[in-house]
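> Mind looking over this structure? Questions follow.
The values are calculated or read from the model by the stated rules, or taken from the named source; none is laboratory data. Remember, it's a predicted structure, so these values are computed and weren't measured experimentally. Glycine also receives a Cβ, built like all others from the backbone with ideal geometry; neighbour counts cover every protein chain displayed. Just so you know, the surface numbers come from the protein's heavy atoms only, side chains and all, with ligands and any DNA or RNA stripped out. Shrake-Rupley method; radii C 1.70, N 1.55, O 1.52, S 1.80 Å.
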Amino acid sequence: MIDQVITTLATWIVEVISAAGYFGVFILMAIESACIPLPSEVIMPFAGYLVTTGRFSLVGAATMGALGCNIGSTVAYYVAASGGRAAIERWGRYILVSRHELERAERFFARYGAVTVFICRLLPVVRTFIAFPAGLARMPMLKFQIYTFVGSWPWCFGLAYVGMVLGARWDSDPELRRLFHESDALILLVLIAGFAWFVWSRWREIHSGGR
């Protein structure tokens, strides 16, 4: 079941970007940054692969991804600012945001201030919901937008660059293709196990925190 979900999700991401181009990258990264579980680790590497085909530029892909992050993060910001902590705690479990993670992000934000947004946008997992404590604290919107973009751009660029490098080698290196084909079952198993652990651990944390 989980492997089907992963395959379907990855296929959908590829189809959206293939059909919509830069706008597809923008929309998908906006969804991801609105705290809806959609992996940027799939979105941006595929955008990077399209750099090798000449459809995208690396800077263009990274910039559209970062702009999408700004839009999605703004949605999350206003959810927190208007609904307060109660809204996040009520609905967070449906997007796998636990109370513990929210409290950790709030403590980090309280200690380091607005620069937390910049730092956390460079980190996996926490980057998707750092907009919540920023919204709760009513961080000035202009500063929020600047830090979100400046933090998101290197993340998007790095993932796209990996996709570009692997894409170039895939087209020119038969040995790389052979290794991938020989180990595709192992790669799928690792992806399934990682995704299952991620969902299970966060789901358990959410429900244990609610008791």
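> Any residue in the stretch 129-150 that's among the basic types (K, R): show its pairings with residues that are part of a loop (DSSP other than H, G, I, E, B) at Cβ separation under 8 Å, as long as the two are six or more apart or on different chains.
Partner pairs satisfying both residue conditions: K143/A114.
> So, one more: Across the stretch 52-76, what is the number of residues that are in contact (Cβ under 8 Å) with a residue 60 or more places away in the chain and open to solvent by 60 Å² or more (accessible area, probe 1.4 Å)?
Adding up the residues that qualify gives 3.
> Does any residue of the stretch 7-24 turn out to be modelled with pLDDT of 85 or more, under 30 Å from A137 (Cα atoms), open to solvent by less than 50 Å² (accessible area, probe 1.4 Å) and not basic (K, R)?
Looking for residues that are modelled with pLDDT of 85 or more, under 30 Å from A137 (Cα atoms), open to solvent by less than 50 Å² (accessible area, probe 1.4 Å) and not basic (K, R), one finds none in the stretch 7-24, hence no.
> Given the conditions (1) at pLDDT below 90; (2) within 30 Å of E106 (Cα to Cα), which single one is not true for I2?
Against the list (1) at pLDDT below 90; (2) within 30 Å of E106 (Cα to Cα), I2 comes up short only on (2).
> Could you list, in sequence order, the residues of the stretch 107-124 that are open to solvent by less than 30 Å² (accessible area, probe 1.4 Å) and not basic (K, R)? Working first, answer last.
Restricting attention to the stretch 107-124, the residues satisfying the condition of being open to solvent by less than 30 Å² (accessible area, probe 1.4 Å) are 109, 113-114, 116-117, 120-121.
Once the filter is applied, which keeps residues that are open to solvent by less than 30 Å² (accessible area, probe 1.4 Å) and not basic (K, R), the stretch 107-124 yields F109, G113, A114, T116, V117, C120.
> Which condition from (1) part of a helix (DSSP H, G or I); (2) surrounded by fewer than 21 Cβ atoms within 10 Å (Cβ to Cβ); (3) at pLDDT below 90 is the one that I36 breaks?
Against the list (1) part of a helix (DSSP H, G or I); (2) surrounded by fewer than 21 Cβ atoms within 10 Å (Cβ to Cβ); (3) at pLDDT below 90, I36 comes up short only on (1).
> Within the stretch 125-168, which residues are among the β-branched types (V, I, T), surrounded by 17 or more Cβ atoms within 10 Å (Cβ to Cβ) and outside any helix (DSSP H, G or I)?
I130
> Let me ask something additional. Restricting attention to the stretch 23-42, report how many residues are over 16 Å from F129 (Cβ atoms), of a type in the set (V, I, T) and touching a Gly at 6+ places or on another chain (Cβ under 7 Å).
Total satisfying the criteria: 2.
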